[in-house]
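Step one of this worksheet: look at the structure below.
The values are calculated or read from the model by the stated rules, or taken from the named source; none is laboratory data. Bear in mind the structure is a predicted one, so any value in this text is a computation, not a measurement. Reconstructed Cβ throughout: ideal geometry from the backbone, glycine too, with neighbour counts over all protein chains shown. Just the protein is used for accessible areas: all its heavy atoms, side chains included, with ligands, DNA and RNA removed. Shrake-Rupley method; radii C 1.70, N 1.55, O 1.52, S 1.80 Å.
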Amino acid sequence: MYELGEVVAERRIAMVVPDGGTSEVIVRFGKPHPDPLPGGDWCCPFQLEGLGDRAVDAAFGVDSLQAMLLAAYRVRLLLTEHAEQTSARLDWLGQPEFGLCVDPGLAPRDDTTRHAYLAAADVAAALLRTPVLAERWTSPSALPYYSTGGLARHLANQITRTAALLAAPPGHSAIDVSAHFTRSAWVTTGADEADNTDIRERSERAAAETTARQLVAEVDGVLAKLRHTVPAQPSHRIVDLGDWGLAIDDFLSTRLMELVVHTDDLAVSLDLPTPDLPAAATELTIDLLSRIAAGRHGSLAVVRALSRRERATGSISAL
């Protein structure tokens, strides 16, 4: 019905389908022109290629600019609808609404998950350099059954293991970050049960085979590489965790949470003040912990615990 005409703008949006296949959707906007219908205003044609139908559609406005803005709005709605109907993941540079909002509401650069992760990793690495760590290496930590060295190794794993997973081949399918915690047995089991015991024993064995100085050297070397590899990860990257995968920024949000929580654990174990962490790191961690807590205890229990002490039903601990 409509002709695209001269293309004045184009956007390529990454798409990951449920079976892990990747492709892209190409959005093209034609040059706005007066609506030829009697009494018409302005028309902006657009086309979505990659969704199975290359038909040209159009949006209308009182002038050329409004027509183009409304065309971008229509495209955003169509892409969102397609993603919901097919369970595909669509992404453009990690921006909300595919970067097609008139006011995109972009978060400051330092507030992104990736920058928050790297900033929290820097804080954790600085704590690992504290001389008292070597003195307390074999002493009990603030966490049950963990030595201070074992806890330090577990904290360091959130940096070293991240690098190893990013260096591995990508996964093919991802689950939601909330499902990741629902499926992880260690979240709901006690410290002395099998899943947590296995995690703890691996850290303790690794701590017994190294020293605080060696751990610092390892972490510093890995972190230097992560400062380059983390920002460079494509937004559609899926990190393979074995039984399932996570989208890159969901994965980093889980590592960020571990860094924030265990930095506090290690500082308490060393009788040191907990280091200040960037606001973005703590805010993202609180957001994730709140979602996990709501999944475990119900949204109402979380709301009441945070706002109505007299109606709180008990612990809303996420982990």
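Structure notes:
- Cα Rg, Dmax (largest Cα-Cα span) when computed across segment 1-134, Å: 21.0, 82
- Cα-based helix-to-principal-axis angle, 279-297 vs the chain, degrees rounded to 10: 90 degrees
- If the segment from D63 to R129 were pulled out straight at 0.36 nm per residue, it would be longer than the present Cα-Cα gap by 17.6 nm.
- Principal-axis tilt of helix 113-128 within the chain, Cα atoms, nearest 10 degrees: 10 degrees
- Here the extension length gained between R161 and R183 equals 5.9 nm, from 0.36 nm per residue of separation less the Cα-Cα distance.
- Note: relative contact order over the chain, using C-alpha pairs below 8 Å and six or more positions apart, is 17 percent.
- Nitroxide proxy distance, nm - points 7 Å out along Cα→Cβ at E24 and R308: 5.1 nm
- Segment 220-319: equivalent-ellipsoid semi-axes (sqrt of 5 x gyration tensor eigenvalues, Cα, Å): 29, 20, 11
- Computed helical MRE - 222 nm, the chain, DSSP H runs ≥ 4 contributing -39500 (n - 2.57), nearest 500: -16500 deg cm²/dmol
- The eigenvalues of the Cα gyration tensor, multiplied by 5 and square-rooted, give segment 115-177 an equivalent ellipsoid with semi-axes of 28, 15, 11 Å from largest to smallest.
- Among A83, A125, A168: highest mean-square fluctuation, GNM of the chain, C-alpha pairs under 10 Å: A168
- Within segment 1-43, backbone nitrogen closer than 12 Å to the virtual label 7 Å beyond the Cα of L78 toward Cβ: 1-4, 26-30
- With all protein chains kept in place, the per residue accessible area of the chain amounts to 53 square angstrom at a probe of 1.4 angstrom.
- The phi-based Karplus calculation (6.51 cos²θ - 1.76 cosθ + 1.60; θ = phi - 60°) puts the 3J(HN,Hα) values of segment 72-84 at 4, 5, 4, 4, 4, 5, 5, 5, 4, 4, 5, 4, 5 Hz, whole numbers, x for Gly and Pro.
- Accessible heavy-atom area order of R136, R129, highest first, probe of 1.4 Å: R129, R136
- Of interest is the spacing of the C-alpha centroids, which for segment 17-84 and segment 123-155 amounts to 55 Å.
- Heavy-atom accessible area with a 1.4 Å probe sorts E81, E49, largest first, into E81, E49.
- Degrees, to the nearest 10: 248-269 long Cα axis against longest axis of the chain: 30 degrees
- In Hz, Karplus ³J(HN,Hα) per residue of segment 198-204 (6.51, -1.76, 1.60; θ = phi - 60°; x = Gly, Pro): 5, 4, 5, 5, 5, 5, 5
- When W244, W42 are compared by accessible surface with a 1.4 Å probe, the order from highest to lowest is W42, W244.
- Across the options L155, Q85, A179, the greatest Cα extent toward the positive end of the charge dipole of the chain (unit charges at beta carbon of Lys, Arg, Asp, Glu) belongs to L155.
- Structure-derived mean projected area of the Cα convex hull in nm²: which label, when the choices are (1) 15.3; (2) 20.5; (3) 17.6: (2)
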